[in-house]
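These notes are about the structure you will find just below.
The values are calculated or read from the model by the stated rules, or taken from the named source; none is laboratory data. Just so you know, these numbers come straight off a predicted model, no measurement behind them. Cβ atoms come from the backbone with ideal geometry, glycine included; neighbour counts cover every protein chain shown.
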Amino acid sequence: MKKRLAYLGCIFAAILGYFLLQKPIFMLYNGALEKGVSFMDYLKVLYHGFTLDAATTGYLTALPWLIILVSIWFRHFPLRKILVGYYALIALATTLVFIGDMALYPFWGFKLDASIFLYLDSPKNAMASVSVGFILIRMMCILILSALLTWGLYKITPAQLPQVPQVRKRLTGSLVTILLGGILFIIIRGGVTESTSNVGQAYFCDNEFLNHSAVNPDFSLLSSISKTTDFSKQFNFFDEEKRASLFDGLYADTGENTVSLLNTQRPNVLIILMESFGGVFVEPLGGLPDVSPNLNRLSKEGVFFTNCYANSFRTDRGTICTFSGYQSFPTVSVMKSPAKSRTLPSIAGKLREQGYATDFLYGGDINFTNMKSYLLSSGYQHLTADVDFTLEERKNPWGVNDDITFEHLYQQIKTRTGNQPWHTAFLTLSSHEPFEVPYHRLNEKIPNAFAFTDDCLGKFIDKLKALPQWKNLLIVCLPDHGFYYPEEGLVHDPRIHHIPMLWLGGVVKQPMVIDKLMNQSDMAATLLAQLGLSHKEFNFSRNVLGKDYKYPFAYYTYNNGFAFCDSTGVTLIDNNSDKALIESPAPNARRTELGKAILQSSYDDLGAR
């Protein structure tokens, strides 16, 4: 058994070492010296990319592990002969990906992903930008490196495995090998936390080149294949002329403000994204009484948007809708596809152009659903997550409870006394299942968890008011999505998507109630317009306080369905059956057509990215 276990250790180490060696080569080839990359940067790239390298190595080691497990029950087992073909295959594949990624990066500016397959049907056009010599040199490198890797794996593989003579030892050996398989599975999965291995976990700074250098190209390619589809061909309800005629004017990107909410155009901006905190828990919106007394109280002190609807139903989707002002989709999460999410505009990116320092706070696992890669690529310079808190502070199953993170945020703001403007975004956590919180004001578990977040918010705001930083501060509070409570009716009827949005802070001129029908995604354009900044690149975000906002409506999606609401009522369509689940107060063909036009247009936009 020792020989078998030693072989598995050696094969894993050899493949992992090959991946680690690729990183400095990739960086040097792509101008690391000219970019001023330091030795510490190389080490950081190796460190932060290690988990994806290990996960990919785990995949490639799975077959040798299985063969070793089987070999225990054979008298003579020619391991080299069995595996030499596999070695040649993985050596060629991994080297082809490595060289292709390294050579294409100067042209593409992003890691190799499944978009390469879109060019394979036209190799002449794909190779038009490079010379024959360029291609031949790289093909030679692929062959040489593949041969060397195959030879190395072949040499560390025993020609014959010794017989395990006794049945008892065979059973023991099988058990040990199965346990090793469990460890291999954990490595492939990326650990035992909620998040699984994803491209975003390798991102560690706001330098895109270093983040890309840390990502394993094989993992990037394989993970993107599962997410790649021709989005522009989905939901083609209308020909292009009719789609354009229906869609035109729905998302106006110009128009002066009809009202100015702020007394300055360069406030410090804090956006608090409140986990699941839908209108069902907010009494002024028709929700349960006494769950959110602080939000109710504060709504009379700031600008309260009472007719806002969440675009989607999950945090990863709602985060994109909020910070990039982008549309939601019924069949895809854009955050899970870094190739798409990195193309989106963002509030953080726009504010960084104006000299703002940017950071993001979340008490949970920031690697979940590729959140980390999205946040860094969208312009957040510093991320704080569960790993930045002590184990004692991580008492919530998802990470750190809101009382601790709100206090952390308060202490951060308290120390910000310089002249540089800043933007912070904060995603709360405690109002998430299993709703275990250190607070017991309400008898029912779910409302009590939301009451806890409300209590933390109220105390936080009250303490901020006593600081000098309050004078130049704008706070925007809104949920990432709504919540299905009480559990009656359709899961995605309008009451579930109805959410509060509240603007507070010393820069708010006066309390105001705005009842215009709008979406969560409209916050981005509305905010930027109040700051005097263009929002033209935010294709699905509207300045609801602009002169061109002449047709108020809300649109949202759920699992393969969408809803369209305007002054005439609401229509909710199930795409699977192409039937309306809700048409209130009466059927309306125009609402259905406009909803389908938005759905088709959003997929066209996503497909073009």
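Observations
To keep it simple, each residue is scored yes or no on (1) in a helix (DSSP H, G or I); (2) closer than 15 Å to Pro217 by Cα.
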| site | (1), (2) |
| --- | --- |
| Pro24 | yes, yes |
| Gly36 | no, no |
| Met40 | yes, no |
| Ala54 | yes, yes |
| Leu69 | yes, no |
| Trp73 | no, no |
| Arg80 | yes, no |
| Ala91 | yes, yes |
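- Residues of the stretch 401-436 that are of a type in the set (A, V, I, L, M, F, W, C) and either over 18 Å from Asp290 (Cα atoms) or buried (at least 23 other Cβ atoms within 10 Å of the Cβ) (or both): Ile404, Phe406, Leu409, Ile413, Trp422, Ala425, Phe426, Leu427, Leu429.
- Among the conditions (1) under 29 Å from Val192 (Cβ atoms); (2) buried (at least 24 other Cβ atoms within 10 Å of the Cβ); (3) within 14 Å of the chain's Cα centre (by Cα), Ser324 misses just one, which is (1).
- Subset of the stretch 468-525 [among the basic types (Lys, Arg) and under 23 Å from Ala252 (Cα atoms)]: Lys516
- Some residue of the stretch 183-191 being of a type in the set (Phe, Trp, Tyr), in contact (Cβ under 8 Å) with a residue 24 or more places away in the chain, surrounded by fewer than 19 Cβ atoms within 10 Å (Cβ to Cβ) and within 20 Å of Gly31 (Cα to Cα): no
- Residue satisfying condition, being surrounded by 17 or more Cβ atoms within 10 Å (Cβ to Cβ) and over 30 Å from Lys35 (Cα atoms), within set Leu175, Leu153, Leu171, Leu210: Leu153
- Qualifying residue in the stretch 354-369 (condition: surrounded by fewer than 24 Cβ atoms within 10 Å (Cβ to Cβ), of a type outside the set (Val, Ile, Thr) and modelled with pLDDT under 95): yes
- Among the candidates Lys350, Lys372, Lys395, the residue that is surrounded by fewer than 21 Cβ atoms within 10 Å (Cβ to Cβ) and either modelled with pLDDT of 95 or more or on the phi < 0 side of the Ramachandran plot (or both) is uniquely Lys395.
- Qualifying strands (runs of 3 or more DSSP E) (wholly inside the stretch 498-609; at least 3 residues being surrounded by 15 or more Cβ atoms within 10 Å (Cβ to Cβ)): 498-504, 554-558, 561-566, 569-574, 579-584
- Any hit, the stretch 320-328, residues being touching an Asp or Glu at 6+ places or on another chain (Cβ under 8 Å) and free of Cβ contacts under 8 Å to residues at least 12 places away in the same chain: no
- Pick from the stretch 365-420, criterion β-branched (Val, Ile, Thr) and not in a helix (DSSP H, G or I), ranking: nearest to Glu436 (Cα to Cα): Val400
- Restricting attention to the stretch 127-177 and to residues that are closer than 30 Å to Leu104 by Cβ and outside any helix (DSSP H, G or I), the residue that is farthest from the chain's Cα centre (by Cα) turns out to be Ser131.
- Residue within the stretch 439-446 that is part of a loop (DSSP other than H, G, I, E, B), of a type in the set (Lys, Arg), surrounded by fewer than 23 Cβ atoms within 10 Å (Cβ to Cβ) and modelled with pLDDT of 95 or more present: yes
- Residue among Leu180, Leu175 that alone is touching a Leu at 6+ places or on another chain (Cβ under 7 Å), modelled with pLDDT of 90 or more and over 26 Å from Ile25 (Cα atoms): Leu180
- With respect to (1) touching a strand residue (DSSP E or B) at 6+ places or on another chain (Cβ under 7 Å); (2) within 17 Å of Leu467 (Cα to Cα), the lone exception for Gln412 is condition (1).
- Selection within the stretch 228-280 - out of contact with any helix residue (DSSP H, G or I) (no Cβ under 7 Å at 6 or more places or on another chain), farther than 24 Å from Tyr549 by Cα and of a type in the set (S, T, N, Q): Thr229, Ser276
- Taking the listed residues Pro345, Pro289, the one that is surrounded by fewer than 21 Cβ atoms within 10 Å (Cβ to Cβ) and not charged (D, E, K, R) is Pro289, with no other qualifying.
- Residue match in the stretch 331-342 (condition: touching a Pro at 6+ places or on another chain (Cβ under 8 Å) and surrounded by 22 or more Cβ atoms within 10 Å (Cβ to Cβ)): no
Conditions tested, residue by residue: (1) at pLDDT below 90; (2) under 24 Å from Leu143 (Cα atoms); (3) in contact with a Pro (Cβ under 8 Å, 6 or more places away or on another chain); (4) among the hydroxyl-bearing types (Ser, Thr, Tyr).
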residue: Tyr29; (1), (2), (3), (4): no, yes, no, yes
residue: Leu33; (1), (2), (3), (4): no, no, no, no
residue: Thr56; (1), (2), (3), (4): no, yes, no, yes
residue: Leu83; (1), (2), (3), (4): no, yes, yes, no
residue: Tyr105; (1), (2), (3), (4): yes, yes, no, yes
residue: Lys111; (1), (2), (3), (4): yes, yes, yes, no
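- Candidates Leu43, Leu28: the one that is without any contact (Cβ under 8 Å) to a residue 12 or more places away in the chain and within 27 Å of the chain's Cα centre (by Cα) is Leu43.
- Each residue in the stretch 229-249 was checked for being of a type outside the set (Lys, Arg) and in a helix (DSSP H, G or I), and 8 of them qualify.
- For beta carbons closer than 8 Å, sequence separation of 6+ or different chains, a first residue in the stretch 458-469 that is more than 13 Å from Leu270 (Cβ to Cβ) and a second that is among the basic types (Lys, Arg), the qualifying pairs are Gly458/Arg297.
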